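The structure appears below as structure tokens.
None of the figures in this text is laboratory data; all of them are computed from the coordinates on show. As the structure is a computational prediction, the values presented were derived from the model and not from experiment. Because the Cβ atoms are built from the backbone with ideal geometry, glycine has one as well, and the counts that use them run over all protein chains shown.
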Amino acid sequence: MSKSKAPISELKKRQDALSSLPPTARNSLSPEEVEIFLHGDVWPEELCHKLSEFLFPLEDEKLCKDKI
């Protein structure tokens with residue numbers, strides 16, 4: 001997992017995105033997946049699959065390992 005300190009504005013956007021997920025999607029994430037969602041540069045395939053219906057195609061290509 002590639003992880004770097006996201007700028008505060010980027011972190012805020014990710015926190016807002018996480019909060020805006022439906023409860024069933026948000027609650028299906030493990031604590032590690034939440035950490036990756038908030039701070040990861042690239043997401044594992046399982047996380048991408050769990051959130052696939054909420055990802056935009058360009059974001060999907062940037063975040064998901066299997067799309068790189």
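Before moving on, here are some points about what is shown:
- For E33, the shell of other residues with beta-carbons less than 11 Å away shows a net charge of -1, using +1 for Lys and Arg and -1 for Asp and Glu.
- Couplings 3J(HN,Hα) of region 39-54, computed from phi: 10, x, 7, 9, 9, x, 4, 4, 5, 4, 5, 4, 10, 4, 6, 9 Hz, in residue order, whole Hz [Karplus 6.51 cos²θ - 1.76 cosθ + 1.60, θ = phi - 60°; x for Gly and Pro].
- Residue-by-residue Karplus 3J(HN,Hα) for region 13-25, coefficients 6.51, -1.76, 1.60, Hz, glycine and proline x: 4, 5, 5, 5, 5, 4, 5, 7, 5, x, x, 5, 6
- Scanning residues 5 or more positions from C64 or on other chains, those with amide H under 5 Å from its amide H are W43, with H placed 1.01 Å from N in the peptide plane.
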